[in-house]
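*Asks:* Before we start, here is the structure in question, set down as structure tokens.
The values are calculated or read from the model by the stated rules, or taken from the named source; none is laboratory data. Model, not experiment: these values are computed from the prediction. We place every Cβ from the backbone using ideal geometry, glycine too, and count neighbours over all the protein chains shown.
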Amino acid sequence: MSRGVEEGHPGAVQFDAASKKYGERLALDTLTLRVKPGEIFALVGPNGAGKTTAIGLLTGLLTPTAGRVLVFGLDVSSEPLAVKRRLGLVPDRPWIWPKWTPREALRFTGAVFGMTGRALDERIEAELEAFSLAEAGDQRAETLSHGTRQKAALAQAFLHDPDLFVLDEPMVGLDPAAQRNLVARLRERTRTGAAVLFTTHHLSLAEEIADRTGVLGEGRLLAAGDPRDLQGPRGMRGRLSEVFFGLTERP
Ligand code: ATP
């Protein structure tokens with residue numbers, strides 16, 4: 001059970017009693033959690049639990065009503081640009097200008113991150129290749145399948161070698177081979193020190209790839225820990241898929 005402070009150094013992600021209200025609605029309630037460099041963290045929870053709101057706070061798209069959110073020790077509210085430089089984000093509804101091709105979108109993203117010339121060209125080719133976008137890379141986004149657009153969004157997130165990947169439902173639309181490829185690439189990046197925070201409704205995916213999982217329910221962190229041996233309140237213990245419903249279903 002963990003609404004309290006998790007011990008340890010500030011790490012890649014640090015939510016300190018962060019809350020977010022939309023009008024009177026408390027979407028996130030004093031969230032405290034940390035993600036360390038090298039760690040893959042899965043945020044799970046029922047629809048409306050506050051996962052996308054947490055990502056909004058982490059990426060500076062939203063401002064906390066109370067508490068604070070830090071990325072590598074930088075306060076997201078006061079140092080938004082420095083934070084964004086270290087982030088690779090795939091939002092819940094990734095968007096590419098419909099007339100652009102994935103290659104053009106990657107070029108734009110590279111420019112935003114100050115990448116130029118041959119180094120940028122090489123990185124773009126590498127990402128198109130890594131996400132099997134060689135053919136689709138020169139087709140307009142409006143003509144691409146949902147999954148192919150998702151791959152393009154992922155390629156954009158990887159382009160500048162971020163230290164922290166923030167991925168809202170990254171597997172949505174990806175075929176099994178693309179899912180496996182994404183997992184392998186994220187693991188490769190965490191081995192060299194990057195951190196990953198992702199949301200998912202696939203509990204088995206969290207169990208398979210996450211080092212730690214947080215379960216959100218109605219804006220509150222109900223449990224956080226190893227998804228293969230998660231300890232909840234009232235003596236609950238087991239795999240995430242066993243504990244989840246006990247934590248999130250009303251009696
Ligand atoms: P899902 O699994 O359905 O994507 P989620 O866990 O990502 O859900 P959020 O999108 O963070 O949940 O929403 C948390 C709560 O905040 C919900 O009750 C939602 O209706 C509310 N909410 C989200 N965005 C807004 C907004 N812009 N204005 C008002 N309420 C909002």
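*Asks:* So, in region 198-251, exactly how many residues are farther than 13 Å from residue 45 by Cα, of a type in the set (A, V, I, L, M) and in a strand (DSSP E or B)?
*Replies:* Total meeting the criteria: 1.
*Asks:* Further question on the same structure: Which of the residues that make up region 172-208 are buried (at least 22 other Cβ atoms within 10 Å of the Cβ) and over 19 Å from residue 91 (Cβ atoms)?
*Replies:* Once the filter is applied, which keeps residues that are buried (at least 22 other Cβ atoms within 10 Å of the Cβ) and over 19 Å from residue 91 (Cβ atoms), region 172-208 yields only 206.
*Asks:* Another question, if that's okay. When the residues of region 90-118 are narrowed to those that are within 16 Å of the ligand (Cβ to nearest atom) and in a loop (DSSP other than H, G, I, E, B), which ends up surrounded by the most Cβ atoms within 10 Å (Cβ to Cβ)?
*Replies:* Within region 90-118, the first condition is being within 16 Å of the ligand (Cβ to nearest atom), and the residues that meet it are 90-94.
Going one step further and asking which of them are in a loop (DSSP other than H, G, I, E, B), we end up with 91-94.
On the way: 91: 17, 92: 14, 93: 10, 94: 21.
This residue is 94.
*Asks:* Report, by residue number, each residue of region 21-47 that is touching a residue at least 60 places away in the same chain (Cβ under 8 Å), within 10 Å of the ligand (Cβ to nearest atom) and either part of a loop (DSSP other than H, G, I, E, B) or in contact with a helix residue (DSSP H, G or I) (Cβ under 7 Å, 6 or more places away or on another chain) (or both). Before you say what the answer is, go through the steps one by one.
*Replies:* Keep residues of region 21-47 that are touching a residue at least 60 places away in the same chain (Cβ under 8 Å), which gives 26-33, 35-46.
Now drop any that are not within 10 Å of the ligand (Cβ to nearest atom), which leaves 26-28, 43-46.
Listed by number, the residues that qualify are 27, 28, 43, 44, 45, 46.
*Asks:* Something else: List every residue pair whose Cβ atoms lie under 7 Å apart, where the two residues are 6 or more positions apart in sequence or sit on different chains, the first residue falls within region 168-186 and is in the same structural domain as residue 151 (by TED's automatic domain parsing) and part of a strand (DSSP E or B), and the second residue, located anywhere, is among the polar types (S, T, N, Q) and away from the ligand (no atom under 15 Å from the Cβ).
*Replies:* Pairs that qualify, where the first residue is in the same structural domain as residue 151 (by TED's automatic domain parsing) and part of a strand (DSSP E or B) and the partner is among the polar types (S, T, N, Q) and away from the ligand (no atom under 15 Å from the Cβ): there are none.
*Asks:* Also, I was wondering about something else. Suppose we filter region 69-84 for residues that are farther than 17 Å from residue 53 by Cα and in contact (Cβ under 8 Å) with a residue 60 or more places away in the chain; how many remain?
*Replies:* Looking only at that region, the number is 2.
*Asks:* While we're on this one: Identify, from the list 173, 214, 219, the residue that is modelled with pLDDT under 95 and within 16 Å of the ligand (Cβ to nearest atom).
*Replies:* On the way: 214 fails: modelled with pLDDT under 95; 219 fails: modelled with pLDDT under 95.
Going through 173, 214, 219 in turn, just one is modelled with pLDDT under 95 and within 16 Å of the ligand (Cβ to nearest atom): 173.
*Asks:* Could you grab me the full set of residues in region 48-63 that are near the ligand (Cβ under 9 Å from one of its atoms) and either under 14 Å from residue 84 (Cα atoms) or in contact with a helix residue (DSSP H, G or I) (Cβ under 7 Å, 6 or more places away or on another chain) (or both)?
*Replies:* If the condition is that a residue be near the ligand (Cβ under 9 Å from one of its atoms) and either under 14 Å from residue 84 (Cα atoms) or in contact with a helix residue (DSSP H, G or I) (Cβ under 7 Å, 6 or more places away or on another chain) (or both), then 55, 56, 62 are the ones that fit.
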